[in-house]
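Only one structure is covered here, and it is reproduced in the block below.
The values are calculated or read from the model by the stated rules, or taken from the named source; none is laboratory data. Quantities reported herein were computed from a predicted structural model and do not represent experimental measurements. All Cβ positions, glycine included, derive from the backbone under ideal geometry; neighbour counts span all protein chains shown. Ligands, DNA and RNA are excluded from the accessible area calculation, which covers all protein heavy atoms including side chains. Shrake-Rupley method; radii C 1.70, N 1.55, O 1.52, S 1.80 Å.
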Amino acid sequence: MGKYILKRFGAAIFTIFVAATITFFIMNLVPGDPFMSEKAHSETVLQALNEKYGLDKPLIVQYKNYLVNLLKGDFGVSFKLQKNREIKDMIMESFPISAKLGAWGILFAILCGIPLGCIAAFKRNKWADNIIRVLSTMGISIPGFVVATTSMILLAVKLKWLPTSGLKEPTSYILPIFTLSFYPMCYIARLMRSSMLEAFSQDYVRTARAKGMSNFIITFKHALRNSLIPIITYLGPLVGYVLTGSFVVEQVFNIPGLGRYFVKAISNRDYMVIMGTTIFLAAFIILMNLVCDLLYKLVDPRIKLGDE
Amino acid sequence: MKLQDLKKLSLQMNLSPEDFAPADTQEQQDLNKLTQNTSYWNDAWRRLKQNKIAMIALFVIILFILFAFVGPLLSPYTYDQQIRGDENMAPNIKHPFGTDLHGRDLLVRVMVGSRISLIIGIGSALIVLLIGSIYGAVSGLFGGIVDNLMMRFVEILYSVPDILIIILLQIVIKEPLENAFNQGSLFGGLQKLGPGIVAIFIVYGLLYWVGMARIVRGQVLQLKQMEYVNAANAIGASKSRLIKKHLLPNCIGTLIVTTMLQIPSAIFTEAFLSFLGLGVSAPMASLGSLAADALNGIQSYPYRLLFPAGAISIIILAFNLFGDGLRDALDPKLKK
């Protein structure tokens, strides 16, 4: 087990390195330098700026410096968005907000999605199942921004039950969390339904039935526990989805999280911020995937450890 | 015929001597019909036709294709035409979907936006199909160290969060493409699409084929064990012939289903990018960018959001449902 964890951890670190490398070289494909679009700098000022940020050195040296700085936890400074501010500070300030929303969103998605999927599986081909199936298929077909904007029009603009933007009151969390969790909730419900149905057709359930066990024990002790395993594998991608989904949600509801910073950085072409945020988010998602994978193997002893 | 009355036992049936008479020609022909061969496609089409939801979805898709490609030709306005005096109109007879703050007809813009969504969905699905199936087939067929290396590469690409890299590439590719297009040298037909869409195609070609490659490889690994592949090998067929003639045609069902399900996900991603302001550039409209534009005046003009948002949701839903139906029809083993 220890060897396996170490191996997976090594692979994750390597992937983060690849992601950082891809990001660095993509960002250097951009024509011109970060100061180009600003008001006319004189030659000497430009040179001084380039020297200050190390942009006059060859690409490979810049790359090395960037990686070394990354290892020290230094993402560089913002050129445009908030001039000369450390990107690390910006991330530390805004990420907790996004993380809080995301964590609630994930919790909500799981707590609603699993029961919905179970009900659908129990009442297979009855009206409850049909309703849940239609709704969840619609749920995975509606883009996040549509859910965000329509729920905002309906509940905040027309009915005025909830605030439209910001995070001042506790009620203002409701809409962002709902929109963030809508897609994963539907996805989990579909996943849960099919894995529950799969579990019900397994031999151990038939054996349990033959032994005369109650429906309650069969469902909760045997079927549910085994059908939760696919949900665990989905948790990794779910973290990724929630973080990227926050770009839209924070934009629509005007929440000062990392997602909105990222979108702002994109529209202002603040390359250092884009780069820093991308690497940070990528590393976070990759590590979360790693945790999920390890969890998955821990929960289900049938899965072979070691080489795949 | 009494013999078809299967629920009864033989003694309950009251048979008469005529029931044992030899079958006449008509009956013989009927029996022959039953044993007629059905091809894979006929069989799949029969299964698909029985699936009501999938047929409705197909109908909706066809309607949308007409709406998106024929619709703009019938409209008196063009998507970038700014009609003076018609600014900020609510839906009315002249403009069924209303107009935006520049006086552009929203119906035409939604049509053009749907066209972009469809082009992107189908185009990128084809790109993914091409790259993914070749990559997967080569990796699966060659096996050994080649397979190992190729799949390691896929694993790395797979675990890098794709949406982030897509955003990055989209930012970076768009500007040089715009410049290249303005000089207007080599691209020809692509130029009509605009740099935003071409950038999305490139991004899909670079990143999104990994899922397809994995699926195809899995299939090829199974098919490789078959006798006919062995036989083809024995009479000296080349690897490329094996892939083209034997391996890919035999996983055609999986290929079609995966490609079909790729379409809604590509449309999804494009809408997401356009909503963030990264997709097509103005005055071109995509459903995502129309929704993003509508966000500014959402308090006073909520219907501006309604139409593009509804259109994109219906398109994706229809493709998802049709893809599911197609999967059940072409590959009944996959059905859960």
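Look at B:Gly132 and say whether it is within 23 Å of the chain's Cα centre (by Cα), crowded, with 23+ Cβ neighbours inside 10 Å and within 25 Å of A:Thr21 (Cα to Cα).
Numbers: within 23 Å of the chain's Cα centre (by Cα): yes; crowded, with 23+ Cβ neighbours inside 10 Å: yes; within 25 Å of A:Thr21 (Cα to Cα): yes.
Against the criterion (within 23 Å of the chain's Cα centre (by Cα), crowded, with 23+ Cβ neighbours inside 10 Å and within 25 Å of A:Thr21 (Cα to Cα)), B:Gly132 qualifies.
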Can you name every residue in the range A:141-161 that is more than 7 Å from chain B (Cβ to nearest Cβ) and either open to solvent by 30 Å² or more (accessible area, probe 1.4 Å) or β-branched (Val, Ile, Thr) (or both)? A:Val147, A:Leu154, A:Leu155, A:Lys158, A:Leu159, A:Lys160, A:Trp161
In this structure, does A:Arg124 turn out to be within 12 Å of another protein chain (Cβ to nearest Cβ), over 19 Å from A:Val242 (Cα atoms) and in a loop (DSSP other than H, G, I, E, B)? yes
Counting only residues in the range A:10-41 that are open to solvent by 60 Å² or more (accessible area, probe 1.4 Å) and away from every other protein chain (no Cβ under 13 Å), the one modelled with the highest pLDDT is identified as A:His41
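Being within 14 Å of chain A (Cβ to nearest Cβ), touching a residue at least 12 places away in the same chain (Cβ under 8 Å) and under 30 Å from B:Gly136 (Cα atoms): is that true of B:Thr269 here?
Numbers: within 14 Å of chain A (Cβ to nearest Cβ): yes; touching a residue at least 12 places away in the same chain (Cβ under 8 Å): yes; under 30 Å from B:Gly136 (Cα atoms): yes.
Here the answer is yes, as B:Thr269 does meet what is asked.
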Quick one: A:Phe108 ticks every box in (1) at pLDDT 85 or above; (2) not in a helix (DSSP H, G or I) except a single one, so which number is it? (2)
If a residue has to be crowded, with 22+ Cβ neighbours inside 10 Å and small (Gly, Ala, Ser) to count, how many in the range B:247-268 make the cut? 1
Go through (1) in a helix (DSSP H, G or I); (2) open to solvent by 10 Å² or more (accessible area, probe 1.4 Å) one by one and return the number of the condition B:Leu273 breaks. (2)
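Check every one of the helices (runs of 4 or more DSSP H) wholly within the range A:187-272 and list those with 2 or more residues that are touching a Cys at 6+ places or on another chain (Cβ under 9 Å) and open to solvent by less than 20 Å² (accessible area, probe 1.4 Å). Talk me through it step by step, then tell me what you get.
Numbers: elements: A:203-210, A:224-227, A:229-253, A:258-268.
Helices (runs of 4 or more DSSP H) meeting the threshold: A:229-253.
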Tell me the residue from A:Thr137, A:Thr171, A:Thr150, A:Thr179 that is in contact with a Leu (Cβ under 6 Å, 6 or more places away or on another chain) and among the β-branched types (Val, Ile, Thr), please. A:Thr171
All positions within the range A:209-240 that are out of contact with any Leu (no Cβ under 9 Å at 6 or more places or on another chain) and within 11 Å of chain B (Cβ to nearest Cβ): A:Pro237, A:Val239
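Among the candidates B:Leu278, B:Leu248, single out the residue that is more than 15 Å from the chain's Cα centre (by Cα) and in a loop (DSSP other than H, G, I, E, B).
Numbers: B:Leu248 fails: in a loop (DSSP other than H, G, I, E, B).
Going through B:Leu278, B:Leu248 in turn, the sole match is B:Leu278.
Within the range B:300-320, how many residues are part of a helix (DSSP H, G or I) and more than 7 Å from every other protein chain (Cβ to nearest Cβ)? Give the steps one after another, and end with the answer.
The initial filter retains those residues of the range B:300-320 that are part of a helix (DSSP H, G or I), namely B:303-320.
Subset that is more than 7 Å from every other protein chain (Cβ to nearest Cβ): B:303-304, B:306-308, B:310-311, B:314-315, B:318-319.
Residues in the range B:300-320 being part of a helix (DSSP H, G or I) and more than 7 Å from every other protein chain (Cβ to nearest Cβ): 11 in total.
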Could you figure out which of (1) open to solvent by less than 70 Å² (accessible area, probe 1.4 Å); (2) among the hydroxyl-bearing types (Ser, Thr, Tyr); (3) modelled with pLDDT of 80 or more isn't true of B:Tyr79? (3)
For A:Lys160: the one exception among (1) assigned to a loop (DSSP other than H, G, I, E, B); (2) modelled with pLDDT of 80 or more: (2)
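Taking the residues in the range A:174-186 that are more than 14 Å from A:Ser136 (Cβ to Cβ) and in contact (Cβ under 8 Å) with a residue 24 or more places away in the chain as candidates, determine which candidate is surrounded by the most Cβ atoms within 10 Å (Cβ to Cβ). Write out each step before concluding.
Just the residues of the range A:174-186 that are more than 14 Å from A:Ser136 (Cβ to Cβ), to begin with: A:174-180.
Filter again for in contact (Cβ under 8 Å) with a residue 24 or more places away in the chain, leaving A:175-180.
Working: A:Leu175: 24, A:Pro176: 26, A:Ile177: 21, A:Phe178: 19, A:Thr179: 24, A:Leu180: 30.
Among those that are more than 14 Å from A:Ser136 (Cβ to Cβ) and in contact (Cβ under 8 Å) with a residue 24 or more places away in the chain, it is A:Leu180.
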